[in-house]
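The values are calculated or read from the model by the stated rules, or taken from the named source; none is laboratory data. Note that this is a predicted model, so its numbers are computed, not measured. Cβ coordinates were reconstructed from backbone atoms using ideal geometry, including for glycine residues, and neighbour counts include every protein chain displayed. Ligands, DNA and RNA are stripped out before the accessible areas are found, and what is left, the full protein with its side chains, is counted by its heavy atoms. Shrake-Rupley method; radii C 1.70, N 1.55, O 1.52, S 1.80 Å.
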Amino acid sequence: MSKMLALAASSVLLLSTAAFAEGSCAAGKTLTDGKFTIATGNPAYYPWVLDDAPESGEGFEAAVAYAVAEEMGFAADDVVWVRSSFDEAIQPGAKEFDVNMQQYSITPERDQVVDFSAPYYTAPMAVLVSPNATGTAPTLEALKGLQWGAVGSTTAVPKLSSIIQPDNDPLLYGDNADVNAAMSANQIDAALFDLPTALFLSAVMIEGSKVIGQFPADESDNPDQFGMLMEEGNPLKSCIDEALAALTDSGKLAEIEAKWLQDSTGVPLIK
Amino acid sequence: MTRRERYEAQQRRRSLVIAATSTITVLAAIYFLVPLAPGWAKVQQSFFNGETLIKTFPKLLEAFRINVMIFAWSAPAIAILGLLIALARDAKSPALFPLRIFGAAFTDIFRGVPVILTVYLIGFGIPGLGLPRPWNSPYIWGTLALVLTYSAYVAEIFRSGIDSVHHSQRAAALSLGLSERQVMRDVVLPQAIRNVVPSQMNMLIALQKDVSLLSFIGPVEIFRQAGVFKSLLANFTPYVGAAIIFLIVTVPATRYADHLMARQMRERR
Amino acid sequence: MPKLELNGVVKRFGERTVCDGISLTVEEGQMVCLIGASGSGKSTLLRCINLLEPIEDGAIYLDGEDISIPGLNLQSVRARIGIVFQSFNLFPHMTALENVMLAPRRVRGLTRAELQPEVETLFARFGLADRMHNYPDQLSGGQQQRVAIVRALAMRPEVMLFDEITSALDPQLVGEVLDVLLMLKRQGMTMVMATHEMGFAREAADKVCFLDGGRIIEEGAPEVLFDHPAQPATQAFLARALK
């Protein structure tokens, strides 16, 4: 399906003028020559992508994607979006995207199977509590006593067991929606998300819930850093890293973060 | 040894040699040819990583205890409810007509809806009504979802077992002056249950695997635990480990069910 | 007053009339044999008497009491009338002893211990003393059929019905079962049996009825009916049966 999309998009573009610098770093290294194919989640969530429409460039990851593409010499029209699941991304074999952006935390084990770009965001972990537990103090001691939940495929799971060490075994779910359902059913008191996701969920999805604290990114032994995921040994990696370095140096990346993730400040640190 | 016995012994040896040769050839072909595939190194790294297997296996085994636990309390509940539903569907007295309707609707609904949907709807839906802890536990409602679904299937098997008891058995029992209830309890049901033991064994095996569906609503059983490892390590080997643990349990059970089934076929003949 | 009396019994299965107005009287201690081709209505008639089949018309009287009134308590009537089937119909999941004890325990409300002496005597009398703890599939056909008779007798019935009980047996086993019937006759049991054993009917019956097409065509003492049948249909049947 995504292949067909890419094909259809590329054939359309043969008719228009491809404004692609032949001498650029990415030349000949992408899935489709002259195109930059980016995968995102299905669906993609706020604040990473607005309204599940990455083409708009609205939302943090969508904005970063277009900034990186521009830095690498691609026109906005040359960016092709596809969708992928987590498992597709880490399966061995050829990928149907150049890079995959859906808040992938960089871990050494994952790095053995796939490649990651330099981090484009360092996410603090935050605690979202159900309406019944909004009075919980933001201390490790108080958090231990709660019934925890998390998405099973995220780095929130090892964080829970290494830092919070809850008294009861946490319940784990397939995606954010199921964590919401469990919290609405009062089956869990608290869940661990990256801060922007936690804020989004408390504001939009679960009425009465509250983000009561965040873990300082620098204090935990390995802060959660999001990187673009790509096939192991992808030659594009150096180009992307170069582009990200340029965006960091110019302050553009910080600007994008401030625009889309400005709420991330003002949540108390957990002691 | 007669001429015929000698001939048959020779035939047996011949087929044994052929079977052994072809098996070895196929295994050798798999062993030597598969690694030649261009993606093999990556597949081996992702699916058959010995180091990952050793590292994750003990935790998987521990998580499997949750599966065993859920199985252990679901199975008797399913047997009892399944039998009651089967009896309700066969109830003849007009006063029990609503029970028959209920039994029919029950089996239609729960056989018609995918188990995972029932697990979601009951596992999140009923606790969502505002039950206090611990009565909103996903263990309770997830188990109920399994029990309802499997009872529907098990009830149908019990009914087929009841139908399989020859009507002359009923006539003989009635002629002795037994009531309908006594005939069912003392004569029909014991035979019906014995007739469907092999089929019910297969339901137990299916249940053992479907217990994993409860992972969708929170409990960290073996499938979820394997998924957590998969995500952390970006490696699918933990799933292979989970599959191995399932096979260790289900293969002997399946063989046993087949054995029971074969024995029953022999007896019927 | 006859022990058992049938008055114009009609039984239909859908469009097919299986018993077409059958009337019959059976005196206390009498043995009545029903003969006739397969499908002549003998088995169905016996099942009607035991109330296993409801009748469409007519009436059945036991000791002068109408037992065919719709809505009557079937169980209490059936407990008074025993029936033994061609295919034995023992309960395969029970031993011979359990087969025999089930109905007295459930219907008469007796315990195993209370029943033990009575049942053991019955088993011994029918030559089954060493077979009490066997399952049906461990018994020969003749033994199974005798257990089935014991099972019916354990309810202390007033009338016994036998539905071609030797038809499924190997020829060498027929004798042992028929001997049992003679023994019952000596003890004064009232019996109605459907049979193909013409020799036995002639020797043991007090009355023989020839059925054809759901009607009793001819009835009488065995020596009259067998030696001087009045009806052509009876003559034709006997010519075939005795050939």
Seminar exercise, completed: Counting other chain Cβ atoms within 10 Å of each Cβ in B:231-241 and taking the mean gives 5
Exercise. Separation of region B:232-255 and region C:91-162 by C-alpha centroid, Å?
Worked result: 53
Exercise. If you count the DSSP beta bridges with both ends in chain A, what percent of them are antiparallel, to the nearest 5?
Worked result: 55
Seminar exercise, completed: Where a ≥ b ≥ c are root eigenvalues of the Cα gyration tensor, a/c under 1.5 meaning rounded, otherwise prolate if a/b exceeds b/c and oblate otherwise, region B:15-84 counts as oblate
Problem set entry | Beta bridge orientation in the protein assembly as shown: antiparallel %, DSSP, nearest 5 | 55
For this session: Using a 1.4 Å probe and ignoring any ligands, DNA or RNA, find the accessible area of residue B:52 and quote it in Å² to the nearest 10.
Result: 20
Exercise. Which peptide among A:60-72, A:244-256, B:3-15 comes first, and what is the full order, when sorted by highest mean count of other Cβ atoms within 10 Å?
Worked result: A:60-72, A:244-256, B:3-15
Problem set entry | Average partner coverage of C:147-160, which counts Cβ from other chains inside 10 Å | 1
For this session: Starting from the Cα gyration tensor of region A:167-261, take the square roots of the eigenvalues, sort them a ≥ b ≥ c, and report rounded, prolate or oblate (rounded when a/c is under 1.5, otherwise prolate if a/b is larger than b/c, else oblate).
Result: prolate
Problem set entry | Fraction of antiparallel bridges per DSSP, chain C only, in percent to nearest 5 | 55
For this session: Could you list, by residue number, the cysteines of the protein assembly as shown that have no other cysteine's beta carbon within less than 4.7 Å of their beta carbon?
Result: C:19, C:33, C:48, C:209
Exercise. 222 nm [θ] for chain B, helices only, -39500 (n - 2.57) per DSSP H run of 4+, per residue, to 500?
Worked result: -27000 deg cm²/dmol
Exercise. Per Stokes-Einstein, at 4 °C and 1.567 mPa s, what whole-number D in µm² s⁻¹ belongs to region B:200-269, with the Kirkwood radius over Cα pairs as the hydrodynamic radius?
Worked result: 94
Seminar exercise, completed: Distribution output for chain B: share of Cα-Cα pairs per 10 Å bin in percent, first bin at 0, values 6, 19, 24, 21, 16, 10, 4, 0, 0
Problem set entry | More than 21 Å apart - percent of Cα-Cα pairs taken over region C:4-111 | 44
For this session: Collect residues whose amide H, placed 1.01 Å from N in the peptide plane, falls under 5 Å from the amide H of residue A:173; neighbours closer than 5 in sequence don't count.
Result: A:150, A:151, A:152
For this session: Apply the membrane-span-like helix rule to chain A: whole DSSP H runs, Cα extent along the own long axis of at least 20 Å, mean Kyte-Doolittle hydropathy at least 0.5. List the helices found.
Result: A:2-15
Problem set entry | From phi via Karplus (6.51, -1.76, 1.60), per-residue ³J(HN,Hα) for region C:183-194 in Hz, x at Gly/Pro | 4, 5, 4, 4, 7, x, 6, 7, 9, 10, 10, 8
Problem set entry | Accessible carbon and sulfur surface of the protein assembly as shown relative to its total accessible area, %, 1.4 Å | 58
Exercise. Sorted by packing (mean other beta-carbon atoms within 10 Å per residue), highest first, where do C:174-184, A:36-46, C:70-80, A:137-147 land?
Worked result: A:36-46, C:174-184, A:137-147, C:70-80
Exercise. What percent does the relative contact order of chain A come to when contacts are Cα pairs within less than 8 Å and at least six residues apart?
Worked result: 25
For this session: Quick one: grab the alpha carbon gyration tensor of region A:167-221, order the square roots of its eigenvalues as a ≥ b ≥ c, and give me rounded if a/c is under 1.5, else prolate or oblate depending on whether a/b is larger than b/c.
Result: oblate
Exercise. Considering every residue in A:103-114, what mean count of other chain Cβ atoms within 10 Å of its Cβ is obtained?
Worked result: 3
For this session: May I have the convex hull volume per residue, in Å³, for the Cα set of the protein assembly as shown?
Result: 272
Exercise. If you take all C-alpha pairs in region B:45-113, what percent of them are over 16 Å apart?
Worked result: 67
Exercise. Tell me which aspartates and glutamates have Cα within less than 14 Å of residue B:55's Cα, excluding those fewer than 8 residues away on the same chain?
Worked result: A:109
Seminar exercise, completed: Per-residue ellipticity at 222 nm attributable to helices in chain A (runs of n ≥ 4 DSSP H, -39500 (n - 2.57) apiece, nearest 500 deg cm²/dmol) works out to -8500 deg cm²/dmol
Seminar exercise, completed: One finds the C-alpha centres of region B:191-214 and region B:17-45 to be spaced, in Å, by 35
Problem set entry | lysines whose Cα lies under 23 Å from that of residue C:185, excluding same-chain neighbours fewer than 8 positions away | C:3, C:42, C:207
Seminar exercise, completed: Helix C:141-153: inclination vs chain C longest Cα principal axis, degrees, rounded to 10, gives 90
Problem set entry | At least 30 Å along the helix axis (C-alpha) and Kyte average at least 0.0, DSSP helices within chain B | B:50-89, B:138-164, B:237-268
Problem set entry | Taking only Cα atoms of region B:1-146, radius of gyration then Dmax in Å | 27.3, 81
Exercise. Helix C:96-107 sits at what angle to the longest principal axis of chain C, using alpha carbons and giving 0 to 90 degrees rounded to 10?
Worked result: 80
For this session: Project the alpha carbons of chain C onto their principal axes and report the range along each, largest first, in whole Å.
Result: 54, 44, 34
